[in-house]
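Data block below; observations after.
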Amino acid sequence: MSRGPLALLAAALVAATAAAAGAPAAGTAECAGLATCIDVPGPWVAVPPHGETWFLLECPGRRGIVGGLDALASSRDIHATWDAQLAAPIAPGRSSSSVALFRAVSGRHRAGLVEPRIGCIPEPQSSAQTTAYRSTPVGPPLDLVALDLPVRPGTVHRGSLGCAHGETLVDSWDAVAFATAAAPDPALAGAIRVDRAERGGRVTVRITVSEGLPRSAGGLVQIGVRCTE
């Protein structure tokens, strides 16, 4: 997936970031109704005008279970969902695991941002056996693996990611994101270009970052893979 042109004005981008930094944070409900919960906010992920963005969030150390989900967005035009496992009844640990794969699109085809969030239920001392829920008539859930790559202005970065030994690559994704408290200007995503390719069971990326990207934007690129045994 490739992002927009890199010719951005540095002064305009810095000003946009500074303006967004003062925006108040809205309330979220990823831990609502959970007696014990660890709030795990993600970065601000760029949503392109066309197509879908994926982003993986994990419970700390991949321990615990996702018990609630929520998201903030740069506008009501951004719509987000997540991939659940098939199970009955629907419940944490059955329809969710220690990770959550978010998907986001722009309803009116305008660039925007989404901040995915999960509420994690800590792993109990002796957890119930839930292995049976991972096997369904349509096959077990795909394994999800992601790598976050911080980027710096005016540089070129490369990265690669593959499945575990013995697994097969199903598909891959990449997402541009910003580790800031408030949503930055969606136009900042145009300062980061990602060229992704799948070869030999691995995904590789070449990331080109404009000098116009402010260092304070906390830019990063997530690459991810979905794998099957």
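In whole Hz and in residue order, list the ³J(HN,Hα) couplings for the stretch 68-77 that follow from phi through the Karplus curve 6.51 cos²θ - 1.76 cosθ + 1.60, θ = phi - 60°; x for Gly and Pro.
Using θ = phi - 60°, the values come out as x, 9, 7, 7, 10, 9, 6, 6, 5, 6 Hz.
Within the stretch 140-184, find all residues whose amide N lies under 15 Å from a label point positioned 7 Å from the Cα of Arg199 along Cα-to-beta-carbon.
Residues 158-162 qualify, since their backbone N sits under 15 Å from the label point.
Under 17 Å from a point 7 Å along the Cα-to-Cβ line of Arg206: which residues of the stretch 156-198 have their amide N that close?
Those under the cut-off are 156-161, 192-198.
Which trypsin sites (Lys or Arg not before Pro) in the stretch 27-113 pass both tests, a DSSP loop state and at most 16 other beta-carbon atoms within 10 Å?
On the way: sites: Arg62, Arg63, Arg76, Arg94, Arg103, Arg108, Arg110; in loops: Arg63, Arg76, Arg94, Arg108, Arg110.
The qualifying sites are Arg63, Arg76, Arg108, Arg110.
What does the charge add up to near Gly33, with Lys and Arg as +1, Asp and Glu as -1, over the other residues with Cβ less than 14 Å from its Cβ?
After counting each charged neighbour, the total is -3.
Stretched out fully, how many nm does the piece from Thr228 to Asp77 gain, at 0.36 nm a residue minus the Cα gap? Kindly include the intermediate steps, with their values, before the conclusion.
On the way: separation 151, 0.36 × 151 = 54.36 nm, distance 3.36 nm.
Result for the pair: 51.0 nm of gain on full extension.
Bear in mind these aren't lab numbers, they're just calculated from the coordinates by the rules spelled out. Predicted model only: the values in this text are computed from it and were never measured. Methodologically, a virtual Cβ is constructed for each residue, glycine included, from the backbone with ideal geometry; neighbour enumeration extends over all protein chains shown.
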